[in-house]
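Remarks on the structure that follows.
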Amino acid sequence: MPFLNPSETRTDLSGPAATLLYDDWYPALRTRKLRLGKLSKAMLLDIPLVLGRLNDGRVFAMRDSCPHRGIPLSVGRFDGRHVTCRYHGWEFEPCGGQCQAIPSLGSRDHLDPTRILATAYPCEERDGHAWVFIPSPGAGRKVGTAERTDWGLKAVPELAKFGGRYRTAFLTADLPCNVDHGIIGLMDPAHGPFVHHAWWWRTRGSIREKTKRFEPISEGFRMSAHAPSGNSAPYKLLGVYGQPVETTIDFVLPNRRTEVIRCGDKWFSSLTTVTPMTATTCRIDVVAAWNVFYYVPLVTPIARFFGAKFVRQDQLTMIQQAEGLRHNPSLMLIDDADKPAKWYFALKQARLEASATGAQPKHPLDGPVELHWRS
């Protein structure tokens, strides 16, 4: 099922900008797009990127701009080893960005091309995504040589898996809102019966009182292990295994929500990210793995079909919300249902202040807490 494209809407939906978080990993694009000898473009945190896959299988990411005259490197050539600018033929090693050759240099020139560096970013492949580390502006280079084996950075995010046999699925959608609105929409527990009302998920008539326990974790918070909502049809299906069902949901800065559902030796795991492409637009990506109903025919295309409908409902809501956000209205967050959103903003502010001052960031949760809402 095709997703809506914000460009298809009738008006410019640009809304307010968000403060962006740097010094972290973000998913740039699906690595199936990175074919040998081909270059692909992406946008992360208002930075144009060019990505590719080397002959040895490694992926790389560079700023899509030649340091000579600024022409995009993505319009140049890539032979599996070097990226060559189409304007003057400057040749770059793409993992470290080092210039290898400048064809215009003559015998009387003394310039050493290897002292010239295009901007390159740490890039690693996980779960079918090319993850790129975006440092703070002015923080200096985060790459070493073309033979690097360890970036010396925080761990690259990876989907949790609990066995070697599982199925996977992936969904994505562009959102015409800033990353803050995308993230608080992601963690909002109260919209389900209204945005996602359907016989196969839940209906407005199924709204009931919920009590969930939350606890602080590093740079985020966790909805502690609990029995999943009884008014959601997909969770009810797990009852066929005759084992207690338990789910745990984490949110971790800058943009990651993970959910793990266990039912005896059966499991479902998902990693959802809301990635800022610019200060006013973002993209949601969902990658999931599971061994539940492993031998059921067509389970993967069925899961993709209903998952796509679910994500499209969120995307359509964000497109509609963006029409109102263009006018920068006054907004509010209320009571327990919006408490996770308040924690997100507090965590983000603490990280920004710690980055500016070097102080240890203060966590908004002092310890476990129960929240109550109806959904």
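The values are calculated or read from the model by the stated rules, or taken from the named source; none is laboratory data. Everything quoted here is computed from the prediction, not taken from an experiment. For neighbour counting, all protein chains shown are included, and Cβ atoms are generated from backbone atoms with ideal geometry for every residue, glycine included.
Can you confirm whether T114 is farther than 21 Å from L36 by Cβ and free of Cβ contacts under 8 Å to residues at least 40 places away in the same chain?
It is true that T114 is farther than 21 Å from L36 by Cβ and free of Cβ contacts under 8 Å to residues at least 40 places away in the same chain.
Between E209, E215, the distinction of being among the acidic types (D, E) and at pLDDT 95 or above belongs to E215 only. Screening segment 48-81 for residues that are among the basic types (K, R) and farther than 20 Å from P276 by Cα and picking the one that is surrounded by the fewest Cβ atoms within 10 Å (Cβ to Cβ) gives R69. Does any residue of segment 98-108 turn out to be basic (K, R) and at pLDDT 95 or above? Taking every residue of segment 98-108 in turn, none turns out to be basic (K, R) and at pLDDT 95 or above. Considering only segment 289-305, I want to know if a residue exists there that is in the same structural domain as R256 (by TED's automatic domain parsing), at pLDDT 85 or above and not polar (S, T, N, Q). The answer is yes, given that some residue of segment 289-305 is in the same structural domain as R256 (by TED's automatic domain parsing), at pLDDT 85 or above and not polar (S, T, N, Q). For segment 226-247, the condition holds for at least one residue, the condition being that it is part of a strand (DSSP E or B), at pLDDT below 85 and out of contact with any helix residue (DSSP H, G or I) (no Cβ under 9 Å at 6 or more places or on another chain). Can you say whether S14 is modelled with pLDDT under 95, part of a helix (DSSP H, G or I) and of a type in the set (S, T, Y), as far as the supplied structure shows? No, not satisfied. A count restricted to segment 49-78 and to residues that are under 16 Å from L36 (Cβ atoms) and among the β-branched types (V, I, T) stands at 2.
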